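Note sheet for the following structure.
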Amino acid sequence: MKILLFFMLIGSLRADLIEELDAYWGRVSAAVKEGDFEGYQATCHPDGVLISGEKETIVPLSDALKKWKVEFDDTKAGKMSASVDFRFSKRIAQGNLAHETGIFRYQATADGKTTIAYVYLDALLVKKDRWLITMEHQKGRATKAEWDALKT
């Protein structure tokens with residue numbers, strides 16, 4: 001009986017962590033859609049890193065944010081629209097640590113042209129006073145079929 005209660009407790013703790021992580025990704029999505037650069041930046045650990053599988057580069061996330069700020073500003077000003085959604089194939093969460101594997105879908109529309117990118121993602125997060133991404137590994141392009149296979 002004690003073992004069953006232990007596993008039920010662990011399962012409910014994990015479910016709580018997944019709910020917190022879902023809320024985190026919701027904040028990321030909302031910041032992109034609203035062009036809220038400060039809100040997006042607040043989801044990133046100051047020492048976070050971005051790894052690009054396509055470019056085979058690794059940079060401080062703060063450097064990537066500087067480059068992305070133009071799109072946030074353009075979105076906020078109504079010059080473009082943007083959105084990002086996430087679907088996960090594997091989620092490991094324990095205590096104040098999480099590792100998420102999946103695909104994100106980024107859509108941007110500017111000057112009447114819409115671009116959609118599906119990208120494989122590994123993310124490592126840590127919870128301080130809130131969840132923060134410490135490592136974002138954009139592993140490479142995914143397909144719409146792979147995205148659809150993950151559902152939500």
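Residues in the range 69-87 that are of a type outside the set (Gly, Ala, Ser) and either outside any helix (DSSP H, G or I) or free of Cβ contacts under 8 Å to residues at least 24 places away in the same chain (or both): VAL70, LYS79, MET80, VAL84, ASP85, PHE86, ARG87. Residues that are under 17 Å from TRP131 (Cα atoms), of a type outside the set (A, V, I, L, M) and either without any contact (Cβ under 8 Å) to a residue 60 or more places away in the chain or surrounded by 14 or more Cβ atoms within 10 Å (Cβ to Cβ) (or both) within the range 38-61 comprise GLU38, GLY39, TYR40, GLN41, THR43, CYS44, HIS45, PRO46, GLY48, listed in sequence order. Restricted to the range 118-152, and to residues there that are among the polar types (S, T, N, Q) and assigned to a strand (DSSP E or B), the residue that is farthest from TYR40 (Cα to Cα) is GLN138. Before we move on, is GLU100 assigned to a strand (DSSP E or B) and acidic (Asp, Glu)? When the stated conditions are applied, GLU100 passes them. Considering the range 66-117 alone, what residues qualify as being of a type outside the set (D, E, K, R), touching a helix residue (DSSP H, G or I) at 6+ places or on another chain (Cβ under 6 Å) and closer than 20 Å to HIS45 by Cα? Passing the criteria: PHE72, VAL84, PHE86, ALA93, ALA98.
Would you mind stating whether ASP129 is under 14 Å from the mean Cα position of the chain (by Cα) and surrounded by fewer than 17 Cβ atoms within 10 Å (Cβ to Cβ)? So ASP129 does not fit the description; no.
Quick note: the coordinates plus some simple rules give every number you see, no bench work behind them. The structure presented is a predicted model; accordingly, all values stated were derived computationally and were not measured. Glycine also receives a Cβ, built like all others from the backbone with ideal geometry; neighbour counts cover every protein chain displayed.
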